[in-house]
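For reference, the structure discussed in these notes is given below.
Here, each number is a calculation from the coordinates, and none is a lab measurement. All figures in this text were calculated on a predicted structure; none of them were measured in a lab. When we count neighbours, we look across all protein chains shown, and the Cβ atoms used for this are built from the backbone with ideal geometry, even at glycine.
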Amino acid sequence: MSPVVEMLTSPLMQRALVAAVLVGACAPIVGTFLVQRRMALMGDGIGHVALTGVALGWLVGSWAGVVPNDALAVPGAVVAAVVGSLVMELVRERGRTSGDLALALMFYGGIAGGVLLIKVAGGTNANLISYLFGSIATVSASDVWLTVALAAVILGVGLGLRSALFAVSHDEEFARASGLPVRVLSMLVAVIAALTVTIAMRVVGLLLVSALMIVPVAVSQLYARSFARTMLGASVVGVSVSLVGLVITYWWDIPPGATIVVLAILVYGAAAALRPVLRHPAPVHDPHPEVVDDVLLADEPELARD
Amino acid sequence: MSALAGGPTTGAARTADLDGAAVPTIAAEDVSVVIGGQPILSHVSVTVAPGEVLALLGANGSGKSTLVRALLGVMPATSGTVRLFGAPLGPTVPWDRVGYVPQRLPAASGVPATALEVVTSGLLHGRRLRPPRGARARALAALESVSLADHAHRRVQEMSGGQQQRVLIARALVSDPDLLVLDEPTTGIDVPTQATFVDTVARLHDAGTSVVVILHEIGAFAPLIDRAVVLRHGRVVHDGPPPAARADHAGAHHVHEHAHPDPEPPPTGPTLNVEVP
């Protein structure tokens with residue numbers, strides 16, 4: 001059996017590939033909305049809060065005597081991430097000045113809460129490492145099904161309501177003046193961001209989730225002219241680096257999550273460096289705005305002005 | 001400006017003839033807005049009849065923009081009621097009949113968007129969360145009406161301030177509204193864009209559309225305006241025919257007094273004033 005066929009027929013690798021492709025496709029789609037809303041760091045904030053959720057799930061599991069004791073870790077992460085993302089959205093809506101601070105509180109509170117609770121639950125910090133940095137090699141069949149289900153929700157909302165989410169993210173004031181349900185739509189973005197964090201947790205880890213949401217968007221917006229193409233391009237980049245990163249780590253013993261993120265950043269570096277060569281230059285036009293001055297020159301008719 | 005030749009009052013007259021006591025386009029009663037304990041608007045009542053062109057005048061900081069935002073539900077009123085086309089602000093308002101042109105595009109986030117995408121977003125409203133059939137053709141037609149058809153696929157972020165503003169007009173016009181609200185369309189704007197604004201208002205006026213326009217000075221809009229509401233310190237001090245400009249306002253040496261700094265001007269469209277003694 002050739003090594004490639006061997007890789008593709010390994011059940012462990014098959015599960016990992018499915019998870020990597022879904023996460024690689026979903027994360028940049030949600031990331032495009034986050035960047036457009038100037039909330040690029042929201043994924044990080046949700047990731048940190050999700051760590052508390054992991055530990056909380058562990059704690060509840062150990063109280064209830066569930067076997068294995070981390071069976072409730074992922075559901076715990078989903079609940080904490082969704083609650084955390086909604087809180088962040090409410091903070092953003094209320095007052096922009098304190099948004100930064102609220103995000104910072106969540107970052108540190110999330111990590112500290114996770115480390116404290118895991119100890120209370122009878123675990124060790126080592127148990128958290130696989131959530132912090134990803135453990136795609138341990139993806140189980142039921143994990144894959146959960147990932148497929150959540151990815152379907154993310155893609156359904158992110159693509160199905162793309163126009164409305166674009167309108168709200170692009171110009172919130174205009175969206176309100178059009179009677180769009182701005183709050184509900186903003187919360188939908190927050191919730192699909194939270195779901196993305198929890199499915200990406202297994203692939204790249206909570207600390208690196210945001211990179212997979214944001215870096216492909218950064219690559220894509222260097223070249224794309226439209227919002228739709230930015231999103232498509234980012235998704236293609238996300239799937240590519242996830243697949244290539246995973247295959248690399250099948251052959252070499254290096255951590256998959258970190259490899260995927262480093263690849264994405266390398267792609268960004270290359271895309272930024274080659275941009276002047278690859279992108280069609282903008283047509284040259286008169287850069288001076290046509291603004292009225294108060295001077296009437298000898299050979300021009302008087303223009304009507306206020 | 002040729003649209004003006006049709007007669008400036010036909011639209012309003014026609015609407016009134018059709019249904020006698022027409023439902024006012026906007027009926028705002030006793031609207032107050034308090035922000036951070038400060039009364040920004042105090043007991044403002046404004047009515048706009050179908051087909052009417054209303055100018056909202058006042059100095060910077062007098063509450064004009066806040067009033068418009070309260071009328072459209074962008075900013076919640078602290079007290080008072082607003083009805084649009086007879087429906088209280090909320091999901092029952094026929095939002096497809098409302099077109100809003102804000103002063104400028106929000107600051108760019110870095111994610112590109114084409115003019116076509118921005119204009120298409122004007123077709124979403126209320127519970128319509130996906131663009132209707134033929135959205136692309138309608139958006140292109142709206143861009144055509146502001147002479148930006150060739151720029152449909154350009155990034156709005158790369159356009160000049162005036163072009164961005166014309167994109168915003170197209171976004172408001174694409175749904176063919178019966179009420180158009182313009183926020184300071186004449187501040188710091190190039191000549192073609194000003195002409196587009198005046199031309200648009202003239203065309204809509206003829207078609208019987210209600211227009212609310214915030215103005216710093218009446219200027220080029222003067223022949224189109226049916227009624228003016230003047231705000232001072234968040235209160236209505238005048239509601240009737242457009243008042244005359246202050247005598248000292250037209251001279252070359254008059255000084256604009258700003259209560260607080262203007263919002264940042266668009267990046268590429270500053271007003272250039274060369275004072276010739």
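Tabulated results
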quantity: Residue-count net charge about A:Trp145 - beta-carbon cut-off 13 Å; Lys, Arg +1, Asp, Glu -1; calculated: +1
quantity: Three-way shape call for segment A:32-130 based on the alpha-carbon gyration tensor, with the a/c threshold at 1.5; calculated: prolate
quantity: Centroid-to-centroid separation of segment A:226-248 and segment B:74-100 [C-alpha atoms, Å]; calculated: 42 Å
quantity: FRET efficiency, B:Asp199 to B:His233 (Cβ-Cβ, R0 25 Å, nearest 0.05); calculated: 0.15
quantity: Built amide H within the under 5 Å cut-off of B:Tyr100, gap 5+; calculated: B:Val181
quantity: Distant-in-sequence amide H partners of A:Leu206 (H built 1.01 Å from N, under 5 Å); calculated: A:Leu132, A:Phe133, A:Gly134
quantity: Under Karplus coefficients 6.51, -1.76 and 1.60, residue-wise ³J(HN,Hα) of segment B:41-56 in Hz, glycine/proline x; calculated: 10, 10, 6, 8, 10, 9, 10, 10, 7, x, x, 7, 10, 10, 9, 10
quantity: Förster radius 60 Å - calculated FRET efficiency between B:Gln38 and A:Leu266 (Cβ-Cβ, nearest 0.05); calculated: 0.70
quantity: Local net charge near A:Glu89, Cβ-Cβ under 11 Å (Lys/Arg +1, Asp/Glu -1); calculated: +3
quantity: Whether the protein assembly as shown is rounded, prolate or oblate, judged on the alpha carbon gyration tensor where a/c under 1.5 counts as rounded; calculated: prolate
quantity: From phi via Karplus (6.51, -1.76, 1.60), per-residue ³J(HN,Hα) for segment B:160-170 in Hz, x at Gly/Pro; calculated: 6, x, x, 5, 4, 5, 5, 4, 5, 5, 4
quantity: Inter-chain shielding of A:179-185 (mean C-beta neighbours from other protein chains, 10 Å cut-off); calculated: 5
quantity: From phi via Karplus (6.51, -1.76, 1.60), per-residue ³J(HN,Hα) for segment B:86-99 in Hz, x at Gly/Pro; calculated: x, 9, x, 3, x, x, 7, 5, x, 5, 5, 8, 10, x
quantity: Estimated dipole of the protein assembly as shown in Debye, rounded to 20 [Cβ of Lys and Arg +1, of Asp and Glu -1, Cα centre]; calculated: 2100 debye
quantity: Cα shape, segment A:114-166, gyration tensor, a/c 1.5 rule; calculated: prolate
quantity: Computed label-point distance, nm, for sites A:Arg183 and A:Leu278 using a 7 Å Cα→Cβ extension; calculated: 4.4 nm
quantity: Under 5 Å, built H, 5+ apart or other chain: amide partners of B:His238; calculated: B:Val230
quantity: Estimated distance in nm for a label pair at A:Ile129 and A:Leu86, the labels positioned 7 Å out from Cα along Cα-to-Cβ; calculated: 3.6 nm
quantity: Residue-averaged [θ]222 nm for the protein assembly as shown, counting only DSSP H segments that reach four residues, each worth -39500 (n - 2.57); calculated: -16500 deg cm²/dmol
quantity: Simple label model, 7 Å out from Cα along Cβ direction - B:Arg133 to A:Leu8, nm; calculated: 4.3 nm
quantity: Volume in Å³ per residue [convex hull over Cα atoms, computed for segment B:71-128]; calculated: 115 Å³
quantity: At least 24 Å along the helix axis (C-alpha) and Kyte average at least 0.0, DSSP helices within chain A; calculated: A:11-36, A:42-64, A:73-94, A:99-120, A:141-160, A:182-204, A:227-251, A:256-278
quantity: Cβ-Cβ FRET estimate between A:Arg94 and B:Ser79, R0 fixed at 22 Å, reported to 0.05; calculated: 0.60
quantity: Net charge over other residues, Cβ less than 10 angstrom from the Cβ of B:Pro132 (K, R count +1; D, E count -1); calculated: +3
quantity: Given charges at beta-carbon only (K, R positive; D, E negative), |dipole| of segment A:3-278 in Debye; calculated: 480 debye
quantity: Value of relative contact order over segment A:3-278, rounded to a whole percent, pairs C-alpha under 8 Å and six or more apart; calculated: 31 percent
quantity: Shape box of segment A:3-278 [Cα atoms, principal axes, largest first, Å]; calculated: 53, 46, 29
